[in-house]
Amino acid sequence: MKEAPAGFAILAVLAAVAPTVMHAATPTVRAIHPQTLAEVGTVDERFQSYNVEMAEIVGGNFWKPYGPNGTVERSGSIGEGVVGQDPNLFQALPPLDTANPRLRNLAAALGPAYVRVSGTWANSVYFHDADTPAPAQAPPGFNGVLTRTEWKGVIDFARAANAELVSSFTISPGVRNSGGVWTSDQAAKWLAYTKSAGGRIAAAEFFNEPTMPTFGGAPKGYDAADYARDFAVFRPFVKRAAPDMAIVGPGAVGEATIMPDGSMPGMITTEDLLKAKPRPIFDIYSYHHYPAASIRCASLGGQTRRPPPMHCRNIG
């Protein structure tokens, strides 16, 4: 008789023992009593938290709602700088009514939590530290205006929602000296007003997503050395002005999904940020991860294996 192929013989053996294996693999049901388990760690009660874009607080260009067919038509390309360059992807929205009772009640159901009011728009916002009417246009070097009333609304919203505030600072050309170095004048006014209004910022990043400064309002050509130089000014200022506020960072984005090889022009890797001199020191390490993009931006990736640009995240 002709010898059976080796693969056939293996399949025959598996078929012969399968009933025995399946019977032996029947799981044993055991009761678990949580009160008897040893504690190995704890999770902050505010672990499950959420973000509100600064654009929603100050009003400005934000993601356009989907149309009836579930898409948003667009044309042309999105330019560099603060997001909101393509009018077919974005539209002007009024400031969010943070005093809305229904909004506060729904948000309170998520508490206790952290509410992060930040995002790319926060990198270039001008804080109008006066009770006079805000300027119709942001001053040179800024791309939006945050008023005392709007920020007080955020403070009150956080209190009503049992949420601690998390945010970030402005780093656009409007807050830089003649040498291009970050200055703390705007930050000092913002922190002082927050305290006077009965608020507190529990934690903050220097600025939003420094690994992609080109898209975040930083000066052209901004690199890891510039970040280290600015952070060396930022950290001592925070320790004086808001010693109870944790410094979070670097808040990097893009290396795992948007541009895994770090080859996007103007992109800075986290490794370069952390090893630049003087080395930045954070109280809490953070990163931003967007495992998926919104439907509206699915067609912007170009190559099939290349994820969409960072300003197509499904945020807000």
| request: Name the long-range amide H neighbours of ASN51: under 5 Å, sequence gap of 5 or more, or other chain; modelled H, no Pro or chain starts. | output: ARG116
| For GLU205, what is the net charge nearby, where nearby means another residue's Cβ is under 13 Å from its Cβ and Lys, Arg count +1, Asp, Glu -1? | -1
| For the stretch 151-165 and the stretch 101-141, what is the separation of their C-alpha centers, rounded to whole Å? | 10 Å
| Cross-link table LYS152/LYS239; LYS152/LYS277; LYS64/LYS195; LYS220/LYS277, entries beyond 27 Å C-alpha to C-alpha | LYS152/LYS277; LYS64/LYS195
| query | Which ordering of LEU106, LEU37, LEU93 is given by a fewest-first count of other beta-carbon atoms within 10 Å? | reply | LEU37, LEU106, LEU93
| request: Give the order of VAL125, VAL166 when sorted by the count of other beta carbons within 10 angstrom, beginning with the fewest. | output: VAL166, VAL125
| request: For LEU93, enumerate residues with amide H under 5 Å from its amide H, sequence gap 5+ or separate chain, H modeled in the peptide plane. | output: GLY60, ASN61, PHE62
| request: Would you order ASP230, ASP131, ASP97, ASP272 from fewest to most other beta-carbon atoms within 10 Å of each residue's own beta-carbon? | output: ASP131, ASP97, ASP272, ASP230
| field | For GLY144, residues with placed amide H under 5 Å, excluding near neighbours | value | TYR126
| remark: Surrounding charge for TRP190, neighbours by C-beta under 11 angstrom, Lys/Arg +1, Asp/Glu -1, total +1
| query | When the dipole is taken about the Cα centre of the stretch 184-284, and only Lys, Arg (+1) and Asp, Glu (-1) are charged at their Cβ, what size is it in debye, to the nearest 20? | reply | 540 debye
| field | Whole-Hz ³J(HN,Hα) from phi, Karplus 6.51 cos²θ - 1.76 cosθ + 1.60, for the stretch 139-156, glycine and proline x | value | x, x, x, 10, 10, x, 10, 9, 8, 4, 4, 5, 6, 4, x, 5, 4, 5
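Quick note: the coordinates plus some simple rules give every number you see, no bench work behind them. Just so it is clear, the structure is predicted and the values come from calculations on it, not from any experiment. Quick reminder, even Gly has a Cβ in these numbers, built from the backbone with ideal geometry, and neighbours come from all protein chains shown.
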